[in-house]
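In what follows, a structure is listed as structure tokens, so that the remarks can point back to it.
The values are calculated or read from the model by the stated rules, or taken from the named source; none is laboratory data. The model shown is predicted, which means the values in this text are computed figures rather than measured ones. Using ideal geometry, Cβ is built from the backbone for each residue, glycine included, and neighbour counts are taken over all protein chains shown.
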Amino acid sequence: MTVAELEAGADETAPVPVAVATPPEPAPDQPRRIGGPTRSDVLALTGAAASGICVTILLYGELAPFSGALAFTVTAYLVFLAIDAVLTGC
């Protein structure tokens, strides 16, 4: 009740209007993305590839007397697989 209603002699038991909150509209359905590479997967593969190449360059350039492009490629791939297995926990 307002002061003006009290002064005018309005009934004190009159119902007071109450604002009713309406429920919010539900958000529209959006399909979930299932499958596909995640950022973590891409970063793990990129890091494993870079590490494989760097370890192979270190082996061929400084530590072991290896030579040949095919052996370099095979060694880089094997090191990549080993590092990727460690990163992904397989």
task = Check whether at least one residue in segment 30-41 is free of Cβ contacts under 8 Å to residues at least 60 places away in the same chain, surrounded by 10 or more Cβ atoms within 10 Å (Cβ to Cβ), touching a Phe, Trp or Tyr at 6+ places or on another chain (Cβ under 9 Å) and assigned to a helix (DSSP H, G or I), and report yes or no.
result = no
request  = Find the residue count for segment 58-72, including only residues that are farther than 14 Å from residue 83 by Cβ and either touching a helix residue (DSSP H, G or I) at 6+ places or on another chain (Cβ under 7 Å) or part of a helix (DSSP H, G or I) (or both).
outcome  = 9
ask   = On the given criteria, is residue 46 at pLDDT 75 or above, within 23 Å of the chain's Cα centre (by Cα) and under 26 Å from residue 81 (Cα atoms)?
value = yes
request  = Would you mind finding the one in 65, 37 that is modelled with pLDDT under 85 and either of a type outside the set (S, T, N, Q) or in contact with a Ser or Thr (Cβ under 7 Å, 6 or more places away or on another chain) (or both)?
outcome  = 65
task = Hey, can you tell me all the residues within segment 59-90 that are under 11 Å from residue 44 (Cβ atoms), among the polar types (S, T, N, Q) and loosely packed, with under 10 Cβ neighbours inside 10 Å?
result = none
